[in-house]
Amino acid sequence: RASLSQLSPDNWSRSEHLKRVIKEGMRLHPVASAGSIRTIGRGIMTSRNELLPTGSICFLPFMLLFRNPDIFDEPDSFLPSRWEVPTRDMLDAFNPFSLGKQNCVGQ
């Protein structure tokens, strides 16, 4: 609040702190918490060496992904500072509006 009070409302969109607060809020309370359902177009080998065959239906709940302790330290805590220097895994995992042709048109 202190950093925003120093800016006029017209300049709030330039606030890096506000961007981190919003991102962290969206991580903890994703707009599409149910996640994404896709039919995969090619076979995929998982990190556990399991094959997902072509045509498999995959479901990824964003609520679980965004609170994965292997990706986010203290995953249930509100820590906007985590976005100051995010890891590659954090950036790859954080897609609150989904990806591809079926992503959210309202983003």
Can you tell me how many residues within segment 35-88 are free of Cβ contacts under 8 Å to residues at least 40 places away in the same chain, outside any loop (DSSP other than H, G, I, E, B) and closer than 26 Å to Gly25 by Cβ?
8
For segment 9-32, give me each residue that is open to solvent by less than 50 Å² (accessible area, probe 1.4 Å) and assigned to a loop (DSSP other than H, G, I, E, B).
Ser15, Pro30, Ala32
Would you confirm, using the coordinates I've provided, whether Ile37 is open to solvent by less than 90 Å² (accessible area, probe 1.4 Å) and β-branched (Val, Ile, Thr)?
no
Any pair with Cβ under 6 angstrom, 6 or more apart, that starts in segment 18-31 at a residue that is at pLDDT below 90 and among the aromatic types (Phe, Trp, Tyr) and ends at one that is in a helix (DSSP H, G or I) and surrounded by 16 or more Cβ atoms within 10 Å (Cβ to Cβ)
none
How many of the residues in segment 43-85 are among the β-branched types (Val, Ile, Thr) and in contact with a Pro (Cβ under 9 Å, 6 or more places away or on another chain)?
1
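The values are calculated or read from the model by the stated rules, or taken from the named source; none is laboratory data. The structure presented is a predicted model; accordingly, all values stated were derived computationally and were not measured. Because the Cβ atoms are built from the backbone with ideal geometry, glycine has one as well, and the counts that use them run over all protein chains shown. To get the accessible areas, we keep the full protein, side chains included, count just its heavy atoms, and leave off ligands, DNA and RNA. Shrake-Rupley method; radii C 1.70, N 1.55, O 1.52, S 1.80 Å.
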